[in-house]
1. Keeping to region 60-84, report how many residues are surrounded by fewer than 16 Cβ atoms within 10 Å (Cβ to Cβ) and out of contact with any Leu (no Cβ under 9 Å at 6 or more places or on another chain).
2. For region 59-98, which residues satisfy the criterion of being over 17 Å from Arg34 (Cβ atoms) and touching a helix residue (DSSP H, G or I) at 6+ places or on another chain (Cβ under 8 Å)?
3. Can you run down the residue pairs with Cβ atoms below 6 Å, 6 or more apart or on separate chains, where the first is in region 85-105 and more than 13 Å from Tyr72 (Cβ to Cβ) and the partner is surrounded by 10 or more Cβ atoms within 10 Å (Cβ to Cβ) and among the aliphatic types (A, V, I, L, M)?
4. Which numbered condition trips up Ala53, out of (1) free of Cβ contacts under 8 Å to residues at least 12 places away in the same chain; (2) surrounded by 11 or more Cβ atoms within 10 Å (Cβ to Cβ); (3) closer than 16 Å to Glu99 by Cβ?
Amino acid sequence: MFFVLGVGSIGQSTRFVPISINFEMFYVYIIPSRKNGAYYIGFTQNIDLRLVAHNKSMVRSTKNKRPWSLVYQEAYETRSEVVKRERYLKSLKKRVYLENLIKQF
């Protein structure tokens, strides 16, 4: 819980008002394998920790293609938004679409 300084009307005292802030964001990311150039698309709430997991062979689908490096990310406020975006990116049939997206980043 965080508190913000709230200023009252003339003659009223200044007070602190409690507010709740959610700092947890969801991220969709693209990482290419430096071993063979394959792209992996996923989502997480902690990109740094997830990239470490990919590079330490803790993710079954990526452990044989290490090392990985982060080249693209997008932030979303809700899990449902990030899942929709991840599914869209995974549905792109041509590699050139992902490469153009990465170039714009």
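1. 15
2. Gln73, Glu74, Tyr76, Leu89, Leu92
3. Close Cβ pairs satisfying both conditions: Lys90/Ile41.
4. (3) is the only condition that Ala53 fails.
Values in this text are rule-based calculations from the coordinates and carry no lab data. All values reported here derive from a predicted model rather than from experimental measurement. Backbone-built Cβ (ideal geometry, glycine too); neighbour counts: all protein chains shown.
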